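Asks: Before I ask anything, let me first share the structure, which is written out below as structure tokens.
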Amino acid sequence: MKFDLTEDQLMIQQTAREFAQSEILPTAIQRDIAGEFPSEIVKKLGELGFMGMMVSPEYDGAGLDTISYCLAMIEISKVDASVGVIMSVNNSLVCFGLEKWGSDFIKEKYLKPLARGDKLGAFALSEPEAGSDATQQKTSAVKEGDYWILNGIKNWITNGISADYYIVMAQTDPSKAHKGITAFILEKGWEGFDHGQKEDKLGIRSSDTCSLTFTNVKVPESNVIWEIGSGFKFAMNTLNGGRYGIASQAVGIAEASFEAALKYSKERKAFGTEICNHQAIQFMLADMSIKAEAAKLLTLQAAGLKDAGKTYIKEASMAKLYASKAAVQNALDAIQIHGGYGYVREYQVERFLRDAKVTEIYEGTSEIQKIIIARELTRN
Ligand code: CAA
């Protein structure tokens, strides 16, 4: 594959880098401590066109390619992975699926404000008893007249508190198992639709994650996405796209960890010289730079395949699997190189480790990525 970035892609990367430094970095530590949602930052991301990057201008999006989206995600996540996941869910899991499979009504009413960043989206698939085994949806939707009546609980929903619109998967025909699942779009504030407390998380603390409850929520027929029974296919195809988003988030953390460690190792002296001159540190830096670079190449490969209209299921899973592992390992090594300073908030690398861990869990655990990769490899 060819990896020369175009002028436009370089410009998006530079814009994201400058925005992250000037608008996100100053409050990153404080928001992490307070677990404070970055409302103002998300609003400004919308103004930049970063909340609907790949959505066509016809639906008020920025009309950019997937590589540009990944480059922007990397730069934003390099400074604050909490902002990265908020952006990723809106772009990959919400806008992407609505543009591809939403009706004209859904695109007009929901996609346009989401793509402009005027509204925020969430994607609700996971349940207390349906995480990796996502086919086991217990949330039910029963048809009554022109409405579907939803009942059930969703877990671990990113943007769960701050979102305005929610894509919700529910079982509409249990006799058909996963082929009886349907996707709906719901609005915050509908009667019987509520959210739980913000989860007190290890990392990405500035993003909000919570459960959702549905008690006889009336959803109009017009809010069915795609068609009845296509919800699992919808969720799987949407998640394929989400995975290069999370891979980009992980690349950002892996790069940030490496760069912080390199900088510190050139400043800190031990045994009469800067620690970057000790081979023990040099070997770690070499490994960290390879991991960050390889993760980025895998991620841009998946994005490039999507832009070329080719299949990218295996490559998106490979990128997510590898990049998330690289992020965790690089963050651990960055702490090791910083010694005691790595263990306190001021130097940021402890946050990188806490933020990195979830990239091995959400949008399909590392074990699920291996299943997907192996199935794609052995498919006849
Ligand atoms: N792309 C497209 N279709 C896929 C697919 C993929 N990656 N994976 C499975 N499918 C399709 C299969 O082709 C099959 O279709 P048919 O029934 O038409 O043949 C159907 O889905 C069922 O697939 P399997 O028979 O393989 O089902 P399974 O139960 O053995 O495995 C799974 C399914 C791949 C493990 C799936 O359940 C899965 O991906 N689990 C992980 C769920 C996940 O990623 N959750 C993340 C929650 S969202 C989140 O984290 C967002 C956030 O907040 C940040």
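Asks: Does the stretch 223-230 contain any residue that is out of contact with any Cys (no Cβ under 6 Å at 6 or more places or on another chain), in the same structural domain as Lys357 (by TED's automatic domain parsing), part of a helix (DSSP H, G or I) and crowded, with 20+ Cβ neighbours inside 10 Å?
Replies: Scanning the stretch 223-230, I find no residue that is out of contact with any Cys (no Cβ under 6 Å at 6 or more places or on another chain), in the same structural domain as Lys357 (by TED's automatic domain parsing), part of a helix (DSSP H, G or I) and crowded, with 20+ Cβ neighbours inside 10 Å, so the answer is no.
Asks: Here's a check for you: in the stretch 169-179, which residue that is within 12 Å of the ligand (Cβ to nearest atom) and either assigned to a loop (DSSP other than H, G, I, E, B) or hydrophobic (A, V, I, L, M, F, W, C) (or both) is most open to solvent (accessible area, probe 1.4 Å)?
Replies: Ala177
Asks: Of all residues in the stretch 76-106, which are open to solvent by 30 Å² or more (accessible area, probe 1.4 Å) and either out of contact with any Gly (no Cβ under 7 Å at 6 or more places or on another chain) or within 12 Å of the ligand (Cβ to nearest atom) (or both)?
Replies: Glu99, Lys100, Trp101, Ser103, Asp104, Phe105
Asks: Please give the number of the condition Arg243 fails out of (1) more than 30 Å from Tyr147 (Cα to Cα); (2) away from the ligand (no atom under 11 Å from the Cβ); (3) of a type in the set (D, E, K, R).
Replies: Against the list (1) more than 30 Å from Tyr147 (Cα to Cα); (2) away from the ligand (no atom under 11 Å from the Cβ); (3) of a type in the set (D, E, K, R), Arg243 comes up short only on (2).
Asks: While we're on this one: Of all the residues that make up the stretch 334-355, how many are touching a Lys or Arg at 6+ places or on another chain (Cβ under 9 Å) and open to solvent by less than 30 Å² (accessible area, probe 1.4 Å)?
Replies: 4
Asks: Kindly establish whether Ala334 is outside the structural domain of Val89 (by TED's automatic domain parsing) and within 16 Å of the ligand (Cβ to nearest atom).
Replies: no
Asks: Okay, next question. Of these, Met53, Met73, which one is part of a loop (DSSP other than H, G, I, E, B) and either of a type outside the set (Ser, Thr, Tyr) or open to solvent by 60 Å² or more (accessible area, probe 1.4 Å) (or both)?
Replies: From the options Met53, Met73, the qualifying one is Met53.
Asks: Let me ask another. Enumerate the pairs (first residue in the stretch 222-237 and in contact (Cβ under 8 Å) with a residue 12 or more places away in the chain and within 10 Å of Ile167 (Cβ to Cβ); second residue anywhere and open to solvent by 50 Å² or more (accessible area, probe 1.4 Å) and more than 10 Å from the ligand (Cβ to nearest atom)) with beta-carbon separation below 6 Å, excluding pairs fewer than 6 apart on the same chain, so at least 6 apart or on different chains.
Replies: Close Cβ pairs satisfying both conditions: Phe234/Trp226.
Asks: If you don't mind, there's one more thing I want to ask. Please find, among Ala308, Ala286, Ala294, Ala326, the residue that is open to solvent by less than 20 Å² (accessible area, probe 1.4 Å) and not charged (D, E, K, R). Let's see the steps before the verdict.
Replies: Details: Ala308 fails: open to solvent by less than 20 Å² (accessible area, probe 1.4 Å); Ala286 fails: open to solvent by less than 20 Å² (accessible area, probe 1.4 Å); Ala294 fails: open to solvent by less than 20 Å² (accessible area, probe 1.4 Å).
Testing whether each residue is open to solvent by less than 20 Å² (accessible area, probe 1.4 Å) and not charged (D, E, K, R) leaves just Ala326.
Asks: Now for a different question. Looking at Phe258, Phe214 in this structure, which one is among the aromatic types (Phe, Trp, Tyr), open to solvent by 30 Å² or more (accessible area, probe 1.4 Å) and at negative phi?
Replies: Phe258
The values are calculated or read from the model by the stated rules, or taken from the named source; none is laboratory data. From a predicted model like this one, the values you see are computed outputs, not experimental measurements. Note: ideal-geometry Cβ built from the backbone for every residue, glycine included; neighbour counts use all protein chains shown. Heavy atoms of the whole protein, side chains included, go into the accessibility calculation; ligands, DNA and RNA do not. Shrake-Rupley method; radii C 1.70, N 1.55, O 1.52, S 1.80 Å.
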